[in-house]
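*Asks:* Can you keep this structure in mind? I'll have questions shortly.
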Amino acid sequence: MAVNSFILYNGEYHYRDEFGLSFKNRAFCYGDALFETMHANGTEIQFFEDHLNRLRYGMEILKMEVPTVIETGFIEKEIIKLLHKNKLYQGVRIRLSVFRNEGGKYTPADNNVSYLVDTEHIENDKYKLNQKGLIIDIFNDIKKPVNTFSNLKSANALLFVMAGNYAKENNLGDCILLNNCGNIVEGISSNIFLIKGDTISTPPLKDGPVAGIMRKQILKIADSNGLKIEFENSLKETHLLNADEIFFTNSISGIRWVLAYKDRRYFNNIARQFVDKLNMLAFKNGSH
């Protein structure tokens, strides 16, 4: 049997190639779903409780019934069993999706949900800084709306898909999304941080970024290392042009530093320090 050949669906393990979802699935039909993307090293899932709390919060906002396995956190044991079944003992990307069960049209028949977990091997068993800095730009074509859903990780991702296409067409490492007020929000799949002197800044949640798990860890590291933290004021393009460093963060890549925005060039001194501190925080149990 090929490595990494199982998925987990509602507590049961299925061969990946033999499993399929109904064409009536509400994630497919209406984007009626949330997901968490998690990093694991061996069978240690990084920041699992933070991911689970964010998922529960999103389900509450969307009025989804939270299954007992998610409410109690028992799903962690199910995921670890999946990692063993797939013989994944180093770097792993885990995607946990929850979607309202099929039935109804826009108005669901009920609020019960199903969950699905898929896993795949990735190269980075720990977080490593990118050797080549990213070249970035601003994606101006579509603005991110600011509402109750803005901070959630939902299956409604057309904005990010279009931003990804823009980055690909323009040979960019990433690009920055703006909200309707023209404020910086985030990257395609990442939160964004700016360093200026001894101050670290990131867009406030009120401006619409996803409430990133890695965002939370970086703010914790910044606080413990004496940096001045600014996450309440909006950021504009002028802040990009005046920054000493810019980096993106997410749960899979950790930290990715930016080399250039337009004619501006950036350092990566803080980014390098933070990667080491992030690994100390993420792998405190000493897994290798």
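Values in this text are rule-based calculations from the coordinates and carry no lab data. Owing to the predicted nature of the structure, the values given are computational and were not obtained by experimental measurement. No Cβ is skipped: glycine too gets one built from the backbone with ideal geometry, and neighbour counts run over all protein chains shown.
*Asks:* Between Q90 and E169, 0.36 nm times their residue separation minus their Cα-Cα distance comes to what?
*Replies:* Extra length available between Q90 and E169 comes to 25.1 nm.
*Asks:* Any chance you could give the angle, 0 to 90 degrees and rounded to 10, that helix 158-169 forms with the longest Cα principal axis of the chain?
*Replies:* The helix 158-169 is inclined about 50 degrees to the chain.
*Asks:* Additional query: Going Cα to Cα from K128, which aspartates and glutamates come in below 15 Å? Please leave out same-chain ones fewer than 8 positions away.
*Replies:* Here the aspartates and glutamates satisfying the reach criterion relative to K128 are D276.
*Asks:* So, how do all the Cα-to-Cα distances of the range 215-288 break down into 10 Å bins, in percent, from 0 on up?
*Replies:* The calculated distribution, bin by bin, is 16, 48, 29, 6, 1.
*Asks:* Compute for the range 134-282: radius of gyration divided by Kirkwood radius, i.e. Rg/Rh, restricted to C-alpha atoms, rounded to two decimals.
*Replies:* In the range 134-282, Rg relative to Rh is 0.93.
*Asks:* Using a Förster distance of 45 Å, how high is the FRET efficiency between E12 and K132, based on the Cβ-Cβ distance and rounded to 0.05?
*Replies:* It comes to 0.60.
*Asks:* Here's another thing I want to ask about it. Hey, could you grab the Kirkwood Rh for the range 1-159? Inverse mean 1/r over distinct alpha carbon pairs, Å, one decimal.
*Replies:* 17.2 Å
*Asks:* Turning to a different aspect of this structure: Using a Förster distance of 25 Å, how high is the FRET efficiency between N140 and T37, based on the Cβ-Cβ distance and rounded to 0.05?
*Replies:* With R0 = 25 Å, the Cβ-Cβ based efficiency is 0.40.
*Asks:* By average Cβ neighbour count within 10 Å, what is the ranking of 191-197, 277-283 from highest down?
*Replies:* Order by mean packing, descending: 191-197, 277-283.
*Asks:* Another question, if that's okay. Quick one: work out Rg over Rh on the C-alpha atoms of the range 15-80, Rh as Kirkwood radius.
*Replies:* The Rg/Rh ratio comes out at 1.00.
*Asks:* Pairs K85/K284; K105/K236; K81/K132: which are spaced more than 31 Å apart, C-alpha to C-alpha?
*Replies:* Exceeds cut-off: K105/K236; K81/K132.
*Asks:* Taking only the alpha-carbon atoms of the range 53-100, what semi-axes of the equivalent ellipsoid follow from 5 times the gyration tensor eigenvalues under a square root, in whole Å, largest first?
*Replies:* Semi-axes from the Cα gyration tensor: 24, 11, 8 Å.
*Asks:* Can you give me the relative contact order of the chain as a percent, contacts being Cα pairs under 8 Å and 6 or more apart? Display every interim value, and only then the final one.
*Replies:* Numbers: 548 pairs, mean separation 53.8, N = 288.
After rounding, I find 19 percent.
*Asks:* Which residue, chosen from Y30, Q273, I188, occupies the Cα position most advanced towards the positive end of the dipole of the chain, where the dipole is computed from +1 (Lys, Arg) and -1 (Asp, Glu) charges on Cβ about the Cα centre?
*Replies:* Q273
*Asks:* At a Cα cut-off below 14 Å, give the aspartates and glutamates reachable from K77, other chains included and same-chain residues fewer than 8 away excluded.
*Replies:* Of all the aspartates and glutamates, those that pass the test against K77 - Cα under 14 Å, at least 8 places apart if same chain - are E12, E44, E49.
*Asks:* Give me the distance in nm between label points sitting 7 Å out from Cα along the Cα-to-Cβ direction at Y30 and N242, one decimal.
*Replies:* 4.6 nm
*Asks:* If we restrict to alpha carbons, what Rg and Dmax does the chain come to, in Å?
*Replies:* According to the Cα coordinates of the chain, Rg and Dmax are 19.3, 54 Å.
*Asks:* Another one. What is the distance, in nm, between label points placed 7 Å from the Cα along the Cα-to-Cβ direction at H121 and at N269?
*Replies:* Taking the two extended label points, one gets 4.0 nm.
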